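Okay, so here's the structure we're looking at.
The values are calculated or read from the model by the stated rules, or taken from the named source; none is laboratory data. Since this is a predicted model, take the numbers as computed values, not measurements. Please note: Cβ atoms are built from the backbone with ideal geometry, for glycine as well, and neighbour counts cover all protein chains shown. Ligands, DNA and RNA are excluded from the accessible area calculation, which covers all protein heavy atoms including side chains. Shrake-Rupley method; radii C 1.70, N 1.55, O 1.52, S 1.80 Å.
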Amino acid sequence: MELGPRELRVVVAVEREGSFSAAAVALGMTQSAVSHSVRASERALGAVLFERGRFGARPTAAGSRVVGYARRVLRLLDVMAAEARGGGGREAVAGPLRIVAFRSAALHLLPAALQRLTARHPGVEPEVRIVREVGAGAAGEVADGRADLAVVTLGTSSPVPPGLVGGRLLTEPYALVHPAGHPDPRSLPLVDWEENCSSYTRDWWAAQDWIPRASVEAEDDGAVLSLVAGGLGMAIMPRLSLTGAPEAVQISDLGADRPTREVGYATTPELAGAFAVRALIRELRAVEV
């Protein structure tokens, strides 16, 4: 047996709903039909996809991978149908386009790109979610089939996460941010947030003996700016996070050896050639920040 779209939709629904009965309701099937479909898929793949119990149904490690691939296959089928209906022209750039991005990119990079994209292709329906760049981050949403394209922070050792394709969009320099007019900003406590720096930027931080350990941890970069504006400390932040900074803060250059952050995009190899994804990448590359 080969898994077809029906079987893929069933495993995705069971993972999403958390139980066979809830998946059956969502799909308009009987619970026994859902159970039969999952068992058939498990036999075909030679792996148990879900742990069953009083708690419902939880994906095993193999199940999580299968569900991720299932979402990607189903999405590709939708894109294939949309582009076929569009005949390969401008009309092919249409339908939902699922985008994830970390907060400052969603606020200060995506709007201009999406404005131009939808002006050129009115049929595109952007769906944007903000994802924290911790753990698997935005790229993990693409790998799991929950998004078509992610705006991500890139490391220095690999341009994009394994299994995905993409590239660099811009390089952000970091700057010192402190209350305006403070006579000795480097003496202030450090305000930071978990997503701020990659490991290579933290190596730079470790070499600076004037930077203390963070004494104030904020939820995101917006909260950091508010705390700094309130006189509660100084921060070291990348350029996108400083867009529209309040007048109560002052931004100072960190010098020639200042750290930087690479911002890029990631998508799946299958969707890299999709008209809508390619059109969005072009607009992202054209944004000036």
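Quick notes
- Sites excluded, GluC sites (Glu not before Pro) in DSSP loops with at most 11 other C-beta within 10 Å, longest stretch of the chain: 3-246
- Accessible surface, 1.4 Å probe, highest first, among residues Ile211, Ile251: Ile251, Ile211
- If only the Cβ of Lys and Arg carry +1 and only the Cβ of Asp and Glu carry -1, the dipole of the chain around its Cα centre is close to 1060 debye.
- Surface share of carbon and sulfur [accessible, 1.4 angstrom probe, percent] for the chain: 52 percent
- Label-to-label distance for Ser32 and Phe55 is 2.9 nm, based on points extended 7 Å past Cα in the beta-carbon direction.
- Once the Cβ-Cβ distance of Val48 and Arg85 is raised to the sixth power relative to R0 = 30 Å, the FRET efficiency obtained is 0.20.
- Between Asp184 and Arg6, the simple spin-label model (points 7 angstrom out along Cα→Cβ) gives 7.6 nm.
- When the chain is treated as a Gaussian network with alpha carbon springs shorter than 10 Å, the biggest mean-square fluctuation among Ala119, Ala256, Ala106 belongs to Ala256.
- Nearest-10 value in Å² for the accessible area of Leu45, using the 1.4 Å probe: 90 Å²
- Dipole orientation for the chain: of the candidates Ala206, Gly18, Val100, Gly18 has the Cα lying most toward the positive pole (charges on Cβ; Lys, Arg +1; Asp, Glu -1).
- Sites excluded, trypsin sites (Lys or Arg not before Pro) in DSSP loops with at most 11 other C-beta within 10 Å, longest stretch of the chain: 55-212
- The largest accessible area among His108, His178 belongs to the first residue in His108, His178, and the rest follow in falling order (1.4 Å probe, all chains).
- In terms of accessible area, using a 1.4 Å probe and ignoring ligands and nucleic acids, Asp184, Asp192, Asp220, Asp209 rank largest first as Asp209, Asp184, Asp220, Asp192.
- Accessible area in square angstrom per residue, segment 36-82, 1.4 angstrom probe: 57 Å²
- Shown here for segment 4-72: chymotrypsin sites (Phe, Trp or Tyr not before Pro) in loop regions (DSSP other than H, G, I, E, B) with at most 13 other Cβ atoms within 10 Å, namely Phe55.
- Heavy-atom accessible area for Ser215, with the other protein chains in place and a 1.4 Å probe, reaches approximately 80 Å².
- The mean sequence distance of close C-alpha pairs (under 8 Å, at least 6 residues apart), as a share of the length of segment 193-244, puts its relative contact order at 39 percent.
- Considering helices alone, the calculated mean residue ellipticity of the chain at 222 nm is -12000 deg cm²/dmol, with DSSP H runs of length four and up weighted by -39500 (n - 2.57) and normalised per residue.
- Each part gets one Cα centre, and for segment 9-76 versus segment 113-178 those centres are 28 Å apart.
- When +1 charges are put on Lys and Arg Cβ atoms and -1 charges on Asp and Glu Cβ atoms, the dipole computed for segment 178-289 relative to its Cα centre reaches about 300 debye.
- Computed with a 1.4 Å probe over protein heavy atoms only, the accessible surface of segment 185-267 comes to 47 Å² per residue.
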